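The block underneath contains the structure these notes are about, expressed in structure tokens.
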């Protein structure tokens, strides 16, 4: 009987400590205030990672909002996932180097086909160093591919028109910081573009984390 009473007291102390830690009490509990069961319960609550996840989402939203303030083509700088979904995913990765103002001078870009993405057929069937530049059309870049294997028909250059930049996260993978509509200039085929944090892919652009 005594053991049952003692267990009930320890349970009550633990519950009281959790309420205090959550701000429901007059002050937060410390390990010195409560028994070991309460400390363990508080640690398990901390380990859920919900606070960290919320902070991460907020940070990504702020980063996307900052990018929205950049003019084109400066907004392109960084890592993008570009392609479309239909039956399967058809996406590839590209990292654009900085292009601060409109220029026809070619800037560096790096491609990764996206073969490692689950249930994905790459948008571009190649990897490696490429380049991009701007012509006269607004919000349009031309991407020079590293080989004729990248695109159907062996094309080495293709134009892409960017529009509808959005940092709200609506319809985008949860870790994307910016989304855009990307249209192939020659065919008017509409693609989706999702910008990710710069560290999403390694420095050599040989691997990227899973986008979903």
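Could you go through the range 145-161 and let me know if any residue there is farther than 27 Å from residue 206 by Cβ, within 22 Å of the chain's Cα centre (by Cα) and surrounded by 14 or more Cβ atoms within 10 Å (Cβ to Cβ).
Checked against the condition, which is being farther than 27 Å from residue 206 by Cβ, within 22 Å of the chain's Cα centre (by Cα) and surrounded by 14 or more Cβ atoms within 10 Å (Cβ to Cβ), the range 145-161 yields at least one hit.
Tally the residues that are part of a loop (DSSP other than H, G, I, E, B), out of contact with any helix residue (DSSP H, G or I) (no Cβ under 6 Å at 6 or more places or on another chain) and farther than 19 Å from residue 77 by Cβ, restricting the search to the range 145-174.
Matching residues across the range 145-174 total 14.
List the number of the failed condition for residue 169; all other conditions in (1) without any contact (Cβ under 8 Å) to a residue 60 or more places away in the chain; (2) surrounded by 14 or more Cβ atoms within 10 Å (Cβ to Cβ) hold.
(1)
Collect the residues in the range 87-113 that are free of Cβ contacts under 8 Å to residues at least 60 places away in the same chain and within 17 Å of residue 172 (Cβ to Cβ), keeping them in residue-number order.
Matches in the range 87-113: 89, 90, 92, 94.
Among the residues in the range 180-202, are any without any contact (Cβ under 8 Å) to a residue 40 or more places away in the chain, assigned to a loop (DSSP other than H, G, I, E, B) and within 15 Å of the chain's Cα centre (by Cα)?
yes
Identify the single condition in (1) farther than 23 Å from residue 73 by Cα; (2) buried (at least 17 other Cβ atoms within 10 Å of the Cβ); (3) in contact with a strand residue (DSSP E or B) (Cβ under 6 Å, 6 or more places away or on another chain) that residue 121 does not satisfy, given that it satisfies every other one.
(2) is the only condition that residue 121 fails.
Where a number appears in this text, it was derived from the coordinates with a stated rule and is not lab data. If you're wondering where the values come from, they're calculated on a predicted model, not measured in any experiment. Glycine gets a Cβ as well: all are built from the backbone with ideal geometry, and neighbour counts include every protein chain shown.
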